[in-house]
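S.K.: Take a look at the following structure, please.
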């Protein structure tokens, strides 16, 4: 695995995240040398979802209202159904996501997290994948939806489901190591 020593990564999430889709990237990005912060709208901890019930809590490192996207090199958006659905109703979360895109920084989104990319106006014209049940949402937002374990477009890394996490994490590390991306205005 490539090193991303010295890079700072934000994982934006709230309650109801798919357990593995937050924990695996958190561990893998740290193992590759990055400083990774879990950011949420509220302080304390956020609770994951695993299988058909609540999973484990994860400590929140920083509250969304107190962080600036310019302090980070990349953003990771875990899926699950509840987490992105709650976050896409938060204007502050959408503005945070959009600021990463505008700055040419890497954004990773897995499972249902592309809902957040749609809400932030990022999906239109992008090659993306997502969990199968939101394929139509992604297409209707103007994206070229592709059924693949990982799809990358100008530093936007998307994956479908927990089984895609090895490919998702490897591609995130690769994209973060490359740095910022020049993007056409959205």
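Please treat every number below as a calculation from the coordinates, not as lab data. Source: prediction; values computed, not measured. All Cβ positions, glycine included, derive from the backbone under ideal geometry; neighbour counts span all protein chains shown.
S.K.: Which ordering of 29, 12 is given by a fewest-first count of other beta-carbon atoms within 10 Å?
M.R.: Ordered by Cβ neighbours within 10 Å, fewest first: 29, 12.
S.K.: Okay, next question. Using Cα pairs closer than 8 Å and at least 6 residues apart in sequence, work out the relative contact order for segment 8-178, in percent.
M.R.: Computed over segment 8-178, the figure is 20 percent.
S.K.: What ranking do 28, 42, 35 get, fewest neighbouring Cβ atoms within 10 angstrom at the top?
M.R.: Final ranking by Cβ density, sparse to dense: 42, 35, 28.
S.K.: Hey, another quick one. Antiparallel DSSP bridges in the chain: what percent, to the nearest 5?
M.R.: Bridges in the chain are about 25 percent antiparallel.
S.K.: Give me 20, 159 ranked fewest to most by other Cβ atoms within 10 Å of their Cβ, as a rough exposure proxy.
M.R.: Sorted ascending by nearby Cβ count, the order is 20, 159.
S.K.: At what distance in nm do the modelled label points of residue 61 and residue 136 sit from each other, each positioned 7 Å from its Cα along Cα→Cβ?
M.R.: The two pseudo-label positions are separated by 3.8 nm.
S.K.: Express as a percent, rounded to the nearest 5, the fraction of DSSP beta bridges in segment 1-75 (both residues included) that run antiparallel.
M.R.: If we restrict to bridges inside segment 1-75, about 30 percent are antiparallel.
S.K.: How much mean residue ellipticity at 222 nm does the chain get from its helices, if each DSSP H run of length 4 or more adds -39500 (n - 2.57) and you divide by all residues, to the nearest 500 deg cm²/dmol?
M.R.: So the calculated ellipticity at 222 nm is -9000 deg cm²/dmol.
S.K.: What would the Debye formula give as log10 I(q)/I(0) at q = 0.17, 0.19 Å⁻¹ for the alpha-carbon point model of segment 8-178, no solvent?
M.R.: The Cα Debye sum returns log10 ratios of -0.95, -1.23.
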